[in-house]
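The values are calculated or read from the model by the stated rules, or taken from the named source; none is laboratory data. Everything numeric here is computed off the predicted structure, so don't read it as measured data. Accessible surface is based on the protein model in full, side chains and every heavy atom, while ligands, DNA and RNA are left aside. Shrake-Rupley method; radii C 1.70, N 1.55, O 1.52, S 1.80 Å.
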Amino acid sequence: MEKHIDECAKVFLRDQRKLFDEPVAENIDEAKEFLEDCFAQYFDSLGELKSFLEEEGLDISELSDDELEEQLEVFKLDNGGYFFVEA
């Protein structure tokens, strides 16, 4: 996550309202701090994200790739990567 924290923070700051009713971060530094505090995870691909969620015991077998991308805790980055926020 450290390598991608800047990009993740920008996306989270922009899209945080999909997960929370009220903003939890007002600027990039607060977004970085929030992502670090909640142990957000970065993944290079949707396949890696799926593997992680299955290892965590989540049943995602009936979700299509599009449906998985639409989950509130899943954020897609412009570089094709993803990050997952445990909220």
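Between residue 22 and residue 2, the contour length at 0.36 nm per residue exceeds the alpha carbon distance by 4.6 nm.
Across the chain, the mean sequence separation of Cα contacts (distance under 8 Å, 6 or more residues apart), normalised by length, yields a relative contact order of 33 percent. Note: relative contact order over region 47-87, using C-alpha pairs below 8 Å and six or more positions apart, is 28 percent.
At the residue level, residue 61 shows approximately 90 square angstrom of accessible surface with a 1.4 angstrom probe and all protein chains present.
The long axis of helix 46-55 is offset from the longest Cα principal axis of the chain by roughly 80 degrees. If you fit an axis through the alpha-carbon atoms of helix 28-37 and take the longest principal axis of the Cα set of the chain, what angle between them do you get, 0 to 90°, nearest 10? Tilt relative to the chain: about 50 degrees.
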